[in-house]
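The values are calculated or read from the model by the stated rules, or taken from the named source; none is laboratory data. Everything quoted here is computed from the prediction, not taken from an experiment. For neighbour counting, all protein chains shown are included, and Cβ atoms are generated from backbone atoms with ideal geometry for every residue, glycine included.
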Ligand code: GLC
């Protein structure tokens, strides 16, 4: 730590210098060749002089560039305050691991932490000091493109995976040259936008916010995240950036967050579009009063905060407090001692895509893959002589997903390359067959694809959704496979029964129309740099799939939003799902249940849940119940199983989910081996928010189960007294 007196530093800054310390701009403003007074500079009301006191830079990456910007800044800033460099390192910096929705399906917090630490190492040497991660927006609607950035629909899973990311990126000292600070986002309920449309309005009761949407953000605050980013959407009528209740009452007062709050890109300025402000001056007042410290890429604070203070509408002490909070953050990053925080062009080159990092990315791609269907064709024999790779994802590196940092498609191992490396003596024929472009109905490639399939010993149908169809601003109303991929999959499967679908996608897709026409479906998501290597290992049995879905796959987009922890209605169906039942809660044209469930995932072996014993059937508020689950690997292959523990509160003051995940453990069992997994249940895990938004547990009966969703393997009961 430096011995700088930060309070004294604030006291010697001019009013405008303090204001501009809270202004974040992209790096191009500081690379003189790109700064354009008449363009963005003019729009932001900036000049060369005011650029000298800007507090933070967004989005730039690369040690040399960041060192150049910081060096120039420190030579010009009267106060010699280092800028802090922030960036979206969501699932890798240069070595890209699977997107968060895939990592969520690994159900592996240690792996999540390991991947985050890898990303931190690469990010820090490349000059990034803060990452806008983890994103923990509960996502129940696959129409929303940013579902790919979350760990899916469950509060508990998003909470533990979010905390693992905070720990992996930050470690226990963010000033270390291999660590970066984190910023949890987007507070709050950004994934609940009406109609699954990005940035759309969110109307969620306070009870539902506290029950389902808040827990992952709070878990990241409790894990020590240093920053919080409010979300773009309006929340019950008030956009979070101007929502005092959310940012002050809940985040600061209830959760005890004392870090830095940063707006999303131009979110302060968007209050004009949202009808809360008639201009930037009102934007500045509303956001600063609500508690937003830093304004990202909009000029409201820069242009009007000093004026508002002069008019007595904002207290200068409030500004000083925000500036001091930010300087203390910079001090904690060690920037006053080392303004470059370990940025090093040589190490940057050494670490990027190094074998150790590729190995981590490979393991993550293996662990997050989910085997959705297998009628026995998988794993393929490694003795096959001729392999046909069909489809638009057969030989492409465009499998890194959105928000992939500095990752590049041409650095991703393709399916073809992965299989060639694994089986160098096999003959591999590739036939794209069709594109994955929305609306492209060209089937002229089918004949070649079908011929290749017929001539092959094994066929891999590599289809999915282009990586630029998910991510920010990428909502969809139709979740089927794009183009004529469905037709291709059916035709190729019919041509050769020894075929399997390999799926690459950034969101749950509607697979209803092909699921009965194909023999196997292996979900690879957007697996990143080592996606092709992992696919080969999984397809040919070197690795046994163990992923479980962290998000439901609907039968139809009309079911969205759809999730496992739903409330029973007063008119539940009694008939089989899909059979219409009058005067019950169901659809005329579709079942209620998803095609594939949260927590679902097959293996090449067979896990038998032999027993579940609980040491007592009564729990008092200070006690605990210990649950032991005996699982046997009854197959012929070693494998991992994610044992998931669910509870259900049978009678309560408010409706309660039909199942709630409260724990999971991944266990490795050799073929024929049995193992016991234990869980502890205590009263706080049974609490929920009642009608008055009090966090309470209620005495009464609960069920405890292992399995997933509507496929529980073993269930028992206990009573809270
Ligand atoms: C984007 C995203 C946010 C990201 C920020 C900076 O609009 O909403 O998640 O961190 O801008 O890139």
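Overview of results
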| quantity | calculated |
| --- | --- |
| Residues of segment 340-368 classified as within 30 Å of residue 598 (Cβ to Cβ) and surrounded by 17 or more Cβ atoms within 10 Å (Cβ to Cβ), total | 9 |
| Conditions (1) over 25 Å from residue 26 (Cβ atoms); (2) more than 13 Å from the ligand (Cβ to nearest atom): number failed by residue 144 | (2) |
| Residue check, residue 371 surrounded by 16 or more Cβ atoms within 10 Å (Cβ to Cβ), at negative phi and part of a strand (DSSP E or B) | yes |
| Any chance residue 362 is touching a residue at least 12 places away in the same chain (Cβ under 8 Å), in contact with a helix residue (DSSP H, G or I) (Cβ under 6 Å, 6 or more places away or on another chain) and in a loop (DSSP other than H, G, I, E, B) | no |
| Considering residues of segment 117-141 that are within 16 Å of the ligand (Cβ to nearest atom) and not in a loop (DSSP other than H, G, I, E, B) only, the residue farthest from residue 172 (Cα to Cα) | 135 |
| Filter result (under 26 Å from residue 654 (Cβ atoms), surrounded by 13 or more Cβ atoms within 10 Å (Cβ to Cβ) and more than 32 Å from the chain's Cα centre (by Cα)) within segment 582-610 | 584 |
| From 30, 43, residue being under 30 Å from residue 354 (Cβ atoms) and more than 27 Å from the chain's Cα centre (by Cα) | 30 |
| Residue selected from segment 147-159 under the condition within 27 Å of residue 351 (Cβ to Cβ) and out of contact with any strand residue (DSSP E or B) (no Cβ under 8 Å at 6 or more places or on another chain), by the criterion farthest from the ligand (Cβ to nearest atom) | 151 |
| Some residue of segment 621-630 being surrounded by fewer than 20 Cβ atoms within 10 Å (Cβ to Cβ), at pLDDT 95 or above and assigned to a loop (DSSP other than H, G, I, E, B) | no |
| Top-ranked residue in segment 244-260 [being touching a helix residue (DSSP H, G or I) at 6+ places or on another chain (Cβ under 6 Å) and farther than 24 Å from residue 661 by Cβ; ranked as surrounded by the fewest Cβ atoms within 10 Å (Cβ to Cβ)] | 244 |
| Enumeration of residues in segment 658-687 that are more than 18 Å from residue 160 (Cβ to Cβ) and in a strand (DSSP E or B) | 668, 669, 674, 675, 676 |
| Residue identified as in contact (Cβ under 8 Å) with a residue 60 or more places away in the chain and more than 16 Å from the ligand (Cβ to nearest atom) among 78, 87 | 78 |
| Hits in segment 169-206 (condition: in a helix (DSSP H, G or I), over 21 Å from residue 232 (Cα atoms) and away from the ligand (no atom under 16 Å from the Cβ)) | 170 |
| Residue count for segment 538-575, restricted to those that are over 30 Å from residue 650 (Cα atoms) and crowded, with 24+ Cβ neighbours inside 10 Å | 4 |
| Failed condition for residue 270, given (1) part of a helix (DSSP H, G or I); (2) within 24 Å of residue 10 (Cα to Cα); (3) within 16 Å of the ligand (Cβ to nearest atom) | (2) |
| Leading residue by the ranking (nearest to residue 335 (Cα to Cα)) among those in segment 1-10 that are part of a helix (DSSP H, G or I) and in contact (Cβ under 8 Å) with a residue 60 or more places away in the chain | 6 |
| Residue match in segment 635-651 (condition: part of a strand (DSSP E or B) and surrounded by fewer than 17 Cβ atoms within 10 Å (Cβ to Cβ)) | no |
| Any hit, segment 517-530, residues being surrounded by fewer than 21 Cβ atoms within 10 Å (Cβ to Cβ) and not in a strand (DSSP E or B) | yes |
| Number of positions in segment 442-489 that are surrounded by fewer than 16 Cβ atoms within 10 Å (Cβ to Cβ) and either within 16 Å of the ligand (Cβ to nearest atom) or under 32 Å from the mean Cα position of the chain (by Cα) (or both) | 4 |
| Counted residues, segment 288-316 - those being within 16 Å of the ligand (Cβ to nearest atom) and in a helix (DSSP H, G or I) | 0 |
| Criterion: more than 15 Å from the ligand (Cβ to nearest atom) and within 22 Å of the chain's Cα centre (by Cα) - qualifying residue of 218, 244 | 218 |
| Verdict on residue 319 being within 34 Å of the chain's Cα centre (by Cα), outside any strand (DSSP E or B), over 21 Å from residue 56 (Cβ atoms) and at pLDDT 95 or above | no |
| Options 420, 448: the member that is closer than 28 Å to residue 95 by Cβ and in contact with a strand residue (DSSP E or B) (Cβ under 7 Å, 6 or more places away or on another chain) | 420 |
| Selection status of residue 92, within 16 Å of the ligand (Cβ to nearest atom), in a loop (DSSP other than H, G, I, E, B) and on the phi > 0 side of the Ramachandran plot | yes |
| Selection status of residue 420, without any contact (Cβ under 8 Å) to a residue 12 or more places away in the chain and either under 21 Å from residue 495 (Cβ atoms) or assigned to a helix (DSSP H, G or I) (or both) | yes |
| Top-ranked residue in segment 61-73 [being buried (at least 20 other Cβ atoms within 10 Å of the Cβ) and touching a residue at least 60 places away in the same chain (Cβ under 8 Å); ranked as nearest to the ligand (Cβ to nearest atom)] | 61 |
| Any hit, segment 212-222, residues being more than 19 Å from residue 507 (Cα to Cα) and outside any helix (DSSP H, G or I) | no |
